[in-house]
Amino acid sequence: MKKISRKEYVSMYGPTTGDRVRLGDTDLILEVEHDCTTYGEEIKFGGGKTIRDGMSQTNSPSSYELDLVLTNALIVDYTGIYKADIGIKDGKIAGIGKAGNKDMQDGVDNNLCVGPATEALAAEGLIVTAGGIDTHIHFISPQQIPTAFASGVTTMIGGGTGPADGTNATTITPGRANLKSMLRAAEEYAMNLGFLAKGNVSYEPSLRDQIEAGAIGFKIHEDWGSTPAAIHHCLNVADEYDVQVAIHTDTLNEAGCVEDTLEAIAGRTIHTFHTEGAGGGHAPDVIKMAGEFNILPASTNPTIPFTKNTEAEHMDMLMVCHHLDKSIKEDVQFADSRIRPQTIAAEDQLHDMGIFSITSSDSQAMGRVGEVITRTWQTADKNKKEFGRLKEEKGDNDNFRIKRYISKYTINPAIAHGISDYVGSVEVGKYADLVLWSPAFFGIKPNMIIKGGFIALSQMGDANASIPTPQPVYYREMFGHHGKNKFDTNITFVSQAAYKAGIKEELGLDRVVLPVKNCRNITKKDLKFNDVTAHIDVNPETYKVKVDGKEVTSKAADELSLAQLYNLF
């Protein structure tokens, strides 16, 4: 067999085992852990290549042949960093490994048959990740959805009804009528969607009614009153219906302090939003909750990574988002109590330690919906530059850190909200919501987004050009975005109770409708690469943070990766 140099191999088939790849302009270096191909039997489409009748393509149709094959993809996922062909059939990932023609090639997997019905997508030299999941969405404007989608987010969970003041401040779709309207509006979009109901209720029948109307869980928010009574009753109903509860705790400590909230939670699982506190929560020590075993702690992206501009921009954001007035002294004091550089500085390091588990946006309500993925990787890079390699790393790479951070916006939010059987990772049997990246643009500008197994968005050149690549090249909707395709390739998540009661038929929904599950039998230990529990203390006078007795902090960055190098504005 003819041998070629490693450089030639990479140029033809992409990096293989042992090759190292830089992510964007960061200092994060991945190393390919293994390659599922059989050397010499790689499949590739094009002139003079191998996906041809009787070669890498079988000439007879079968029930096993793929609808689409991504060839020689570099997968970055919590499951590993490795090279493989990805096969898609009926909108789901049918196989990951070696694709081709079993009659002619060695090592072809049974579920990766390339046949007459198979389309090919050349993923050589590209990175493939699962679509991102943003669990802190204020559904203020529908324009958020395409913005998030273009960033690589394929699932949005939150609440709201549009630019009402309740939605501007809280991620809640309250009541049966509003849930019906939002579930029906969801039909329009290329995005998986799920809605949170109002959890600030101490009368349990009212809580039950919202879950039966299709909500996938509850949001408890201080602007509606995050009282111990509301927390207790909301969690009772969540346990009854197997749905998640997200909480924005009581900044002013009106109804109790962080210890009172933990007592009301009583060891039950709960997803804490912006657990650092600048986005809201018990001042000054809500960050303590991140160390508890039953807490699924998240950050929102205004505070990550910590930079020289973070503190200054938060005051104006806070005044607008929570309907405050700068002329009212008490409103200004409320805002001041939430913005603490010391706890924000600790947040970055707590992410690096695996204590904070999830990243999300807080869209148009202090956070930026199109920057969850970018800010997650900026935080990873800032931490590497400041703190060096993680002790868990093996070899000359950052694979452990990369898996820790990819998990924060893919598999962990999926686990937290009961949708990990469907989405959240690159695994066989899950819906093929996949994002393709050029390594040079990883984390900032995707090449293409596959939604439910079909291309929905891509960078595309002038439609009147003779080839697809001439300028202007920008994101354009593809066929997966249009017509009845969007009904087959996008999911509306609902509660099991609503699903069993036939809400799809009741509301006349055409999209795929699926129930959330396993929301209540999880703890932080179920979260991937971010399952660390610890005792966290906050000094009430200096706001300095200690973890197991050791102070944690980070410097405010002057410059970030994945920033102005890639953007005009």
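The values are calculated or read from the model by the stated rules, or taken from the named source; none is laboratory data. The shown structure was predicted, so the numbers you read here are calculated from the model rather than taken from an experiment. Neighbour counts are summed over all protein chains in view; Cβ atoms, including those assigned to glycine, are modelled from backbone coordinates with ideal geometry.
Structure values in brief
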| quantity | calculated |
| --- | --- |
| Conditions (1) assigned to a loop (DSSP other than H, G, I, E, B); (2) surrounded by 14 or more Cβ atoms within 10 Å (Cβ to Cβ); (3) aliphatic (A, V, I, L, M): number failed by ILE4 | (2) |
| Lone qualifier among GLY194, GLY217 - being in the same structural domain as LEU235 (by the TED database), more than 22 Å from TYR475 (Cα to Cα), out of contact with any helix residue (DSSP H, G or I) (no Cβ under 8 Å at 6 or more places or on another chain) and crowded, with 17+ Cβ neighbours inside 10 Å | GLY194 |
| Residue that is surrounded by the fewest Cβ atoms within 10 Å (Cβ to Cβ) [pool: residues in region 332-363 that are in contact with a helix residue (DSSP H, G or I) (Cβ under 7 Å, 6 or more places away or on another chain) and at pLDDT below 95] | PRO341 |
| Top-ranked residue of region 449-477 - restricted to ones that are touching a Leu at 6+ places or on another chain (Cβ under 9 Å) and in contact (Cβ under 8 Å) with a residue 24 or more places away in the chain, ranked as surrounded by the most Cβ atoms within 10 Å (Cβ to Cβ) | LYS451 |
| Close pairs from region 138-155: first at negative phi, partner among the acidic types (Asp, Glu) and surrounded by 24 or more Cβ atoms within 10 Å (Cβ to Cβ), Cβ under 6 Å, at least 6 apart | VAL153/ASP134; THR154/ASP433 |
| Every pair of residues 6+ apart whose Cβ atoms lie under 9 Å, when the first sits in region 420-438 and is surrounded by fewer than 24 Cβ atoms within 10 Å (Cβ to Cβ) while the second is of a type in the set (Lys, Arg) and assigned to a loop (DSSP other than H, G, I, E, B) | ASP421/LYS430; ASP421/LYS517; TYR422/LYS430; SER425/LYS528; TRP437/LYS445; SER438/LYS445 |
| Exclusive hit being in contact with a Phe, Trp or Tyr (Cβ under 7 Å, 6 or more places away or on another chain) and within 24 Å of LEU324 (Cβ to Cβ), set ILE304, ILE220, ILE247 | ILE247 |
| Subset of region 7-24 (residues that are buried (at least 18 other Cβ atoms within 10 Å of the Cβ) and either touching a helix residue (DSSP H, G or I) at 6+ places or on another chain (Cβ under 8 Å) or over 20 Å from GLY97 (Cβ atoms) (or both)) | THR16, VAL21, LEU23, GLY24 |
| Where LYS484 falls short, out of the listed (1) among the basic types (Lys, Arg); (2) farther than 25 Å from GLU124 by Cβ; (3) crowded, with 24+ Cβ neighbours inside 10 Å | (3) |
| Test: residue in region 98-113 that is part of a loop (DSSP other than H, G, I, E, B) and in the same structural domain as GLN364 (by the TED database) | no |
| Restricting region 365-402 to residues that are among the acidic types (Asp, Glu) and in a loop (DSSP other than H, G, I, E, B), the residue that is farthest from ILE145 (Cα to Cα) | ASP396 |
| Members of region 263-277 found to be on the phi < 0 side of the Ramachandran plot, surrounded by 24 or more Cβ atoms within 10 Å (Cβ to Cβ) and in contact (Cβ under 8 Å) with a residue 40 or more places away in the chain, listed by number | HIS271, PHE273, THR275, GLU276 |
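Condition check ((1) touching a residue at least 12 places away in the same chain (Cβ under 8 Å); (2) surrounded by 23 or more Cβ atoms within 10 Å (Cβ to Cβ); (3) among the basic types (Lys, Arg)) across all residues:
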| position | (1), (2), (3) |
| --- | --- |
| ASP27 | yes, no, no |
| LEU30 | yes, yes, no |
| LYS49 | no, no, yes |
| SER56 | yes, yes, no |
| TYR82 | yes, no, no |
| LYS92 | yes, no, yes |
| GLY97 | yes, no, no |
| GLY100 | yes, yes, no |
